Each structure stands twice: as structure tokens, then as C-alpha cells.
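Written out below as C-alpha cells is the structure these notes cover.
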Amino acid sequence: MAIHTLTDAERAGALENLPGWTHAPTRDAITKSFRFKDFSAAWGFMSQVALAAEKADHHPEWTNVYNRVDVLLTTHDCNGLSARDVALAAVMDGLAGE
Ligand code: HBI
């Protein structure tokens, strides 16, 4: 089945098991700010996420400042929030140890 933006019902449950993730205010997306011990830990996290993202062919929008990684997940292929974003958010939480 083609990828689709989440329905209202799907959205209602999407963030229940994703602590710290919120809907982005100006885009159909979810965001989270991760904090780490230092730059090395933040970069290690990003490296692991990059490999998982490439494998899934689904990639985050993100910025890094020292120990902080700000992430926004949305799906360009359907122009909005999809199950792929929810799945990648769960992978990121796992890799961050959350
Ligand atoms: N990453 N976040 C995100 N959204 C997409 O729609 C997407 C992606 N990575 C690769 C990808 N789509 C491919 O299907 C092609 O569109 C490049």
C-alpha cells in the first residue's frame, strides 16, 4: 500500500509511546530535542541513526549543537506525517537509550 499521511485516529495514538515527541507547530511533522553527555555522545547517536535511516530509506531533518540534537520527522513522499516517521522516532528513542 502506498504511504499516506496519518488519519486522525492514527495520530491520536501515534505519540502515546513516544515520550518527548510533539507535533511541530508549523509543519505536519513531529519533533524532539535529544540531550547527551557531550558532543561525542551526540555524534555517536547521529551516526547510529544515520545507518538505521539509510537502511529504512527514511531520513531525519536535524541540527546538532554540542550535546543537543534537534530532530524533525516528516515524510516528503506524502507531504506530511506518516507511519515511517513514527517508526523512525521509536528507533531514535531506542538508540538514545530512552
Ligand atoms: N526521508 N523523511 C523522509 N521522507 C521521505 O519521503 C523520504 C526520505 N528518504 C528517502 C525517500 N523519501 C525516498 O523514497 C525518495 O523520495 C528519495
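Please treat every number below as a calculation from the coordinates, not as lab data. Just so it is clear, the structure is predicted and the values come from calculations on it, not from any experiment. Quick reminder, even Gly has a Cβ in these numbers, built from the backbone with ideal geometry, and neighbours come from all protein chains shown.
With contacts taken as Cα pairs under 8 Å and at least 6 residues apart, the range 19-74 reaches a relative contact order of 42 percent.
For the range 85-95, the Karplus equation 6.51 cos²θ - 1.76 cosθ + 1.60, evaluated at θ = phi - 60°, returns couplings of 5, 5, 5, 5, 4, 5, 4, 5, 4, x, 5 Hz by residue, with Gly and Pro reported as x. When each of Met1, Met46 is scored by the number of other beta-carbon atoms lying within 10 Å, the sequence from fewest to most is Met1, Met46. Computed about its Cα centre, the charge dipole of the chain is approximately 260 debye, with only Lys, Arg, Asp and Glu carrying charge at their Cβ.
Of the peptides 77-83, 33-39, the ranking by mean beta-carbon count within 10 Å, highest at the top, reads 77-83, 33-39. Amide H to amide H distances under 5 Å link Trp21 with no residue, where only residues 5 or more positions off or on other chains count and H is placed in the peptide plane. Once the convex hull of all Cα atoms in the range 11-80 is built, its volume per residue stands at 98 Å³.
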